[in-house]
1. For segment 37-63, name all the residues that are modelled with pLDDT of 90 or more, β-branched (Val, Ile, Thr) and either in a loop (DSSP other than H, G, I, E, B) or over 20 Å from residue 74 (Cβ atoms) (or both).
2. Counting only residues that are at pLDDT below 80 and among the charged types (D, E, K, R), which one in segment 1-36 is surrounded by the fewest Cβ atoms within 10 Å (Cβ to Cβ)?
3. How many residues does segment 67-88 hold that are more than 12 Å from the chain's Cα centre (by Cα) and of a type in the set (D, E, K, R)?
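The values are calculated or read from the model by the stated rules, or taken from the named source; none is laboratory data. Since the model is a prediction, treat every value here as computed from it, not as a measurement. Cβ placement follows ideal geometry from the backbone for every residue including glycine, while neighbour counts extend to all protein chains displayed.
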Amino acid sequence: MNSLDHYTNEGSSIDVVTWAKSQGLDVEGFCRINALKYLIRAGKKSTETKQEDLIKALDYIYRELTGEWIDKDLIRQKIKQCQKDTNLSQ
């Protein structure tokens, strides 16, 4: 995933996790706390769907494991395909 504009600083392409890592901060803890935050609030925030919160949690878990952001669009496509396949088999 490319870093989103609202997570960068005046044209810089560095995101907060990359910056924190460059400063020697606890990136692992940051990723875990954010994953936990999204897992706990999944479906409770009116502007976010449960699925989107779970995808965000997955994104932070994936970031900790690989050092990269997950392709959220690909995950959304796979979820849709699984839902479609599940509905066909019922």
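1. Matches in segment 37-63: 40 only.
2. Top of the filtered list is 10.
3. Qualifying residue count, segment 67-88: 4.
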